[in-house]
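Okay, so here's the structure we're looking at.
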Amino acid sequence: AGSFPENWRCEIGGGAKAEVRVDNQERHSGSCSIRISNQSPYQAFVFASLLSDHFPVKPSTTYNLRFWAKGRGAKNCYACASYQGAGETRKVLPAGDFEWRQVLFQFTTPQQCQAMCIRFASDDVTEALWLDDLELEVSPQQFANLRERRYPKDFPGVFPRSKGPLPEHLT
């Protein structure tokens, strides 16, 4: 306790007056949690975050990231799946004051994605956002490469039309 979990690091961007640290007092389970605090108001590229190293993933695969979060004055906080060279997906976290709650962040990796990282961040003034008990797994329900269900219809185009000539006057 006292140091970041292996393969995770703190990142403070844009000169944010912020802190990301291990908290031995507040925790959901175990001996500690991670606390993100940010005194800087919202501004582009000004943030505090906990960031994982890149790790291998399967392309076009749906994952479940489960974790526990607690907030005090939390504002503009999020979890993020950042795909190496292929963008990111964000999950907005609850705002304000809230007790420990489990959060499910479900995302599908892009078609060519081979590696990704996870980020937890605060983009605005946040007294405290605590994180604990992170768990990442391949989802039993996959959302990649699904075919859209099509239903038969007796008309061409998107919307049905009345049969016969178009009316000349609307009432």
| task | Kindly indicate whether E11 is acidic (D, E), at pLDDT 95 or above and over 21 Å from the mean Cα position of the chain (by Cα). | result | no
| Is there a residue in region 69-84 that is touching a residue at least 60 places away in the same chain (Cβ under 8 Å), touching a strand residue (DSSP E or B) at 6+ places or on another chain (Cβ under 8 Å) and not charged (D, E, K, R)? | yes
| field | R21 over 13 Å from the mean Cα position of the chain (by Cα), surrounded by fewer than 18 Cβ atoms within 10 Å (Cβ to Cβ), closer than 14 Å to D132 by Cβ and not hydrophobic (A, V, I, L, M, F, W, C) | value | yes
| Residues located in region 87-104, provided they are open to solvent by less than 40 Å² (accessible area, probe 1.4 Å) and of a type outside the set (F, W, Y) | L93, P94, G96, V103
| query | If a residue has to be touching a Gly at 6+ places or on another chain (Cβ under 8 Å) and free of Cβ contacts under 8 Å to residues at least 40 places away in the same chain to count, how many in region 115-163 make the cut? | reply | 0
| message | Is it the case, given these coordinates, that E137 is over 28 Å from A18 (Cβ atoms) and not in a loop (DSSP other than H, G, I, E, B)? | response | yes
| said: Return the residues of region 24-65 that are among the hydroxyl-bearing types (S, T, Y), open to solvent by 40 Å² or more (accessible area, probe 1.4 Å) and under 22 Å from L134 (Cα atoms); say none if nothing qualifies. | reply: S29, S31
| said: Report every pair of residues separated by at least 6 positions or lying on different chains whose Cβ atoms are under 7 Å apart, first residue within region 89-114 and under 13 Å from T126 (Cβ atoms), second of a type in the set (V, I, T) and modelled with pLDDT of 95 or more. | reply: L93/V103
| message | Suppose the filter is over 30 Å from L50 (Cβ atoms) and either surrounded by 10 or more Cβ atoms within 10 Å (Cβ to Cβ) or within 15 Å of the chain's Cα centre (by Cα) (or both); does P156 pass it? | response | no
| note | Note on region 66-79: residues surrounded by 19 or more Cβ atoms within 10 Å (Cβ to Cβ) and not aromatic (F, W, Y) are A69, K70, G71, A74, C77, A79
| remark: Picked from region 136-158 (must be acidic (D, E) and closer than 30 Å to C117 by Cα), the residue modelled with the lowest pLDDT is E148
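The values are calculated or read from the model by the stated rules, or taken from the named source; none is laboratory data. In this text the structure is predicted, and so the values were computed from the model without any measurement. For neighbour counting, all protein chains shown are included, and Cβ atoms are generated from backbone atoms with ideal geometry for every residue, glycine included. SASA here: full protein model, heavy atoms, side chains in, ligands and nucleic acids out. Shrake-Rupley method; radii C 1.70, N 1.55, O 1.52, S 1.80 Å.
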